[in-house]
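Reading through the structure tokens given below for one structure.
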Amino acid sequence: MTEVVDLEPLLLGFLVFARVGGLLMALPVTGSRSVPAIARLAAALPLAAVLYPTVEGTRAPATIPDLLVTSVLEVGVGVAMGFVVGLVIGALAMASEVIGMKIGLSLGGMLDPITGTQGNPLGALSQMLATGLFFALDMHLACVRTLGESLTTVPPGTIVAPLAGGEVLLNVASSVLVLGVRLAAPVVAFAFLVNLALMTVGRMAPGLQVFFSIGMSLTLMAGMVVFAAAVPAMLMMERDALAGLIVPIRALLQAVSGG
């Protein structure tokens with residue numbers, strides 16, 4: 001007598017793993033180039049095992065083409081969720097990169113250990129501050145809870161409108177861009193006034209060569225002082241943005257489910 005092996009639990013577990021793996025690939029910390037792929041795999045497997053009971057009773061795709069399509073969609077949803085997190089965390093770093101360029105730090109590039117890209121020191125520092133704030137607010141736990149909720153509200157195989165999530169991502173990106181401008185505006189405006197004053201002095205006394213003799217150093221020192229004074233307010237704005245992080249993720253899940 002031939003024994004029939006039920007593969008449905010295994011297939012459902014694979015789909016859960018696909019969504020969890022997509023999220024961990026896109027999160028700023030776990031998705032960093034400095035984190036080995038084996039470490040992400042080691043984190044995704046137990047997390048998928050813990051979340052698997054939330055999909056019990058869900059029907060797995062019946063054919064191989066359906067399984068492949070569903071797997072790609074699950075990875076895409078996980079990546080989109082992590083992308084939203086990365087956008088919000090990156091707002092502070094984006095603003096600091098602009099500030100660094102305006103005050104003359106663009107020549108002092110350094111490697112950002114989180115993103116693996118070249119940037120100025122203020123951007124790298126702000127990226128680490130925003131990431132630390134993300135963990136301090138327990139938003140990593142909130143993301144895991146939301147991931148578990150997503151498997152209940154949008155089980156594997158029920159993603160019917162994947163392109164609808166693009167509109168949500170565009171809205172998040174535009175909001176983050178506005179936040180970045182608000183974060184950078186005070187220091188950038190001050191740097192502009194300092195440069196304007198130096199240009200005025202240079203016009204009045206062309207022989208002094210103010211801009212090249214002391215202008216760059218003065219702009220850098222004044223910009224760093226103003227940036228240091230503005231950091232607490234910038235962190236508060238970033239904290240408020242991180243506190244509302246789950247709202248766009250839930251909107252994304254609702255959009256891709258056709259809700």
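No value in this document is a laboratory result; all are computed from the given coordinates. Only a predicted model underlies this, so the values are computations on that prediction, with no experimental measurement involved. Virtual Cβ from ideal backbone geometry, glycine too; neighbours counted across all protein chains shown.
Axis of helix 64-103 versus longest Cα principal axis of the chain: the two differ by about 10°, to the nearest ten degrees. Helix 246-256 axis versus longest C-alpha principal axis of the chain: approximately 50°, rounded to the nearest ten. Against the chain, whose longest principal axis is taken from its Cα atoms, helix 164-204 shows a tilt of about 10°.
Among Leu125, Leu105, Leu177, Leu196, rank each residue by its count of other Cβ atoms within 10 Å, from fewest to most, as a rough exposure measure.
Going from sparsest to densest Cβ surroundings: Leu196, Leu177, Leu125, Leu105.
Name the longest site-free stretch of the chain, where the excluded sites are trypsin sites (Lys or Arg not before Pro) in a DSSP loop with no more than 16 other beta-carbon atoms within 10 Å. Formally, the longest exposed-site-free interval is 60-259. Using a Förster distance of 25 Å, how high is the FRET efficiency between Leu7 and His140, based on the Cβ-Cβ distance and rounded to 0.05? It comes to 0.15.
The modelled label-to-label distance for the pair Glu149/Ala229, using points 7 Å beyond Cα in the direction of Cβ, is 4.1 nm.
May I ask for log10 I(q)/I(0) of segment 150-196 at q = 0.31 Å⁻¹, from a Debye sum over the Cα atoms as equal point scatterers with solvent left out? For segment 150-196 at q = 0.31 Å⁻¹, log10 I(q)/I(0) is -1.01.
Taken over segment 8-256, the alpha-carbon convex hull comes to 122 cubic angstrom per residue. Approximating the spin labels as points 7 Å out from Cα along Cα→Cβ, the Thr158-to-Leu196 distance works out to 5.6 nm. Annotation: the residues Met94, Met25, Met236, sorted from fewest to most other C-beta atoms within 10 Å of their own C-beta, follow the order Met236, Met25, Met94.
Spin-label pair Val50-Ile214: with each label point 7 Å from Cα along the Cα-Cβ axis, the two points sit 5.8 nm from one another.
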